[in-house]
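Participant: One structure coming up, written as structure tokens, with questions to follow.
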Amino acid sequence: MGNILNEIGIENYIFLSVLLFCIGVFGVLYRRNAIIVFMSIEIMLNAVNLLFVAFSTYHQDAEGQVFVFFSMAVAAAEVAVGLAILVSVFRNLGSIDIDNLKNLKG
Amino acid sequence: MSPILITFYFLAAITLASAFLTIYSKNPIHSAIYLIICFFSIGGHYLLFNAQFLAIVHIIVYAGAIMVLMLFTIMLMNLNKEDEVHKPRITRLGAIVVFIVMSIVLVTIFINSKTIVGEYDTSGEDFQSIKKLGNVLLNEYMVPFEYASVLLLVAMIGTVLLSKKEKSGK
């Protein structure tokens, strides 16, 4: 089987990842619901993972995919801890609106 | 256009549309379901690269574990209603401007960057079967692999500690 990038081209994957990453940034800035902010962070992580796999195929090298495994492990740990923090925030404040979290503001 | 290119455009359209709908839909449950569609289409991209193991792991970890955790949290907090107050208009406008400017700048950078000269590397050598990946992961990346397990253990302990109910009158 030939290289898939001969048919598609690495540029298309770069553009797809860039747009996906920008959508994630937009979500972090646009929404107030903390869970949606988390989902946006997941979208950004996935954009980066997709580009890692694309360049792993481009260089015909497995190390890019190995890095994606580590990034997935970190994402799983991050989501678990983040959702636990959200649950305790919800228990204390009664909402997970991120604009309410300004006790440290001077 | 070759069938592979058509498949790519189809998958890319699904990915971008469902990622955008994740952010745009008001109900958090709908957001979670759109995000699952987005993850499945990214898994499709991995399959297109012939990275089978990564595609399966991606589906299991993201669509299986992470999204179940998120849906569980949404239902635990009883958030499945559309009562979210919007951010102030100026902040939303700023977010849209940042999104448009960032997309334009990054896409322009990559359009104007040096294009690839010649053909891609097609040696046909096996580099992404499970056997190869396991060899690389457990030989060269042995220590980071162990650190990943330590990280997951620490995350698990931290999660249990954080979500434990505090005793009253402490």
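Participant: For the subset of region A:12-40 comprising residues that are more than 7 Å from chain B (Cβ to nearest Cβ) and without any contact (Cβ under 8 Å) to a residue 40 or more places away in the chain, which member is surrounded by the fewest Cβ atoms within 10 Å (Cβ to Cβ)?
Facilitator: A:Val28
Participant: While we're here: Pick from A:Tyr58, A:Tyr13, A:Tyr30: which is over 30 Å from B:Glu125 (Cα atoms) and of a type in the set (Ser, Thr, Tyr)?
Facilitator: The conditions single out A:Tyr30.
Participant: Name every residue in region B:41-50 that is within 7 Å of another protein chain (Cβ to nearest Cβ), of a type outside the set (Val, Ile, Thr) and not in a loop (DSSP other than H, G, I, E, B), in order of residue number.
Facilitator: Answer for region B:41-50, where residues must be within 7 Å of another protein chain (Cβ to nearest Cβ), of a type outside the set (Val, Ile, Thr) and not in a loop (DSSP other than H, G, I, E, B): B:His45, B:Tyr46, B:Leu48.
Participant: Go through region B:9-29 and count every residue that is in contact with a helix residue (DSSP H, G or I) (Cβ under 8 Å, 6 or more places away or on another chain) and surrounded by fewer than 24 Cβ atoms within 10 Å (Cβ to Cβ). Steps first, answer last, please.
Facilitator: In the first step, residues of region B:9-29 are kept if they are in contact with a helix residue (DSSP H, G or I) (Cβ under 8 Å, 6 or more places away or on another chain); the result is B:11-12, B:14-16, B:18-23, B:25, B:28-29.
Add one more test, that the residue is surrounded by fewer than 24 Cβ atoms within 10 Å (Cβ to Cβ), and what stays is B:11-12, B:14, B:16, B:18, B:20-21, B:25, B:29.
Total meeting the criteria: 9.
Participant: Another one. When you look at B:Leu106, is it at pLDDT below 90, within 22 Å of the chain's Cα centre (by Cα) and assigned to a helix (DSSP H, G or I), yes or no?
Facilitator: It is false that B:Leu106 is at pLDDT below 90, within 22 Å of the chain's Cα centre (by Cα) and assigned to a helix (DSSP H, G or I).
Participant: Would you be able to tell me the number of residues in region B:51-80 that are outside any helix (DSSP H, G or I) and either over 27 Å from B:Asp126 (Cβ atoms) or more than 7 Å from chain A (Cβ to nearest Cβ) (or both)?
Facilitator: Total meeting the criteria: 4.
The values are calculated or read from the model by the stated rules, or taken from the named source; none is laboratory data. What you are looking at is a predicted structure, and each value in this text was computed from that prediction instead of being measured. Quick reminder, even Gly has a Cβ in these numbers, built from the backbone with ideal geometry, and neighbours come from all protein chains shown.
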